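Read-outs throughout are calculated quantities, based only on the coordinates presented, and are distinct from any laboratory measurement. Quantities reported herein were computed from a predicted structural model and do not represent experimental measurements. As a convention, Cβ positions derive from the backbone with ideal geometry for all residues, glycine included, and neighbour counts pool all protein chains shown.
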Amino acid sequence: MSEAEALALDLKARILDDPGLILDDAELMRALVKADRRSAGRNIVDLRGVLVERLEERLEDLEYTHREVLAAAYDNVSGTSQIHRACLALLDCADLRGFLVVLSQDVAPMLSVDLVRLGLETEGAEAGEPIEPETYGGALIALPEGGADHYMTQGRQIGPREVSLRELAKASPDIYGEHAPRIRSEAAMRLDLGPGRAGALLAFGSFERERFAADQGTDLLAFFAGVVQRCLRTWLT
């Protein structure tokens, strides 16, 4: 076998093993289609049909990716708008009581969550004890000392995250009270009220398992938590 024949067989084997070597190369495909137009015979394969099929597959992939990008962009814009509306509503409050009323009653529908809970560490308090339930409807709760960090870490020996998104097999009654059996996911945010002050946390509970998940972004929620903690620092001085 001559060197040219050996090279031809090697090239044929490589193409059969990976047809993409030809099909993914636009220049080669144009040359083969052009040669096909000048050829005839039983051994000639119409590569135009293969090329069109490959291009259609790529077009479908591009269209799917395009839809996914648009959907993600829309969700991001929508989420940003919701967070901004909620922040402005809180910043418009004239006093602490008004701030807590808006946080406990208005923020949940603005952010499309089912429950909002603000937990404040209070000396001698029992976990989950409501603070003024007649005014805040159970949204403002007391936590024991260290309760905020303990809840953020779920009792594990790790440093608490600023924001934690998670699905819940069993939600805490200390946080969600009688609604705990219905909560399927949550966003928990650690609040820093300043030096010398007790810990605090903000929790959003959802009846939907897919509402909050660990692989979702937390930037908007971290921003919202920052606004809440700065407002509380102002009112608590």
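What is the extension gain from A6 to T122, computed as 0.36 nm multiplied by their sequence separation minus the C-alpha to C-alpha distance, in nm to one decimal?
That pair, A6 and T122, stretches by 33.4 nm at full extension.
With labels modelled as points extended 7 Å from the Cα through the Cβ direction, what inter-label distance (nm, one decimal) is found for A89 paired with Q154?
Going from the A89 label point to the Q154 one covers 2.9 nm.
Calculate one ³J(HN,Hα) per residue across segment 182-192 by plugging θ = phi - 60° into the Karplus curve 6.51 cos²θ - 1.76 cosθ + 1.60, and present them in order as whole Hz with x for glycine and proline.
So the J values, rounded to whole Hz, are 9, 6, 10, 7, 8, 10, 10, 10, 7, 10, 9.
Among 202-215, 124-137, how do they line up from the highest to the lowest mean number of other beta-carbon atoms within 10 Å?
Packing order, densest peptide first, comes out as 202-215, 124-137.
Between E134 and R166, what is the label-point separation in nm under the 7 Å Cα-to-beta-carbon projection?
3.6 nm
Any idea how far apart Y64 and R233 come out in nm if each label point goes 7 Å out from Cα toward Cβ?
About 4.7 nm, to one decimal.
Which whole-Hz ³J(HN,Hα) couplings does segment 167-172 yield from phi under the Karplus relation 6.51 cos²θ - 1.76 cosθ + 1.60, θ = phi - 60°, glycine and proline marked x?
7, 10, 6, 8, 6, 7
May I ask you to compute the full-extension gain from Q216 to L16, defined as 0.36 nm times their residue separation minus their alpha-carbon distance, rounded to one decimal in nm? List each step's numbers first, then the result.
Values: separation 200, 0.36 × 200 = 72.00 nm, distance 4.26 nm.
Using 0.36 nm per residue and subtracting the Cα-Cα distance, I get 67.7 nm.
How large is Rg over Rh for segment 109-237, taking Rg from the Cα atoms and Rh as the Kirkwood inverse mean of 1/r across Cα pairs? If you can, show how the numbers build up before the last one.
Details: Rg = 13.7 Å, Rh = 14.8 Å.
Radius of gyration relative to Kirkwood radius: 0.93.
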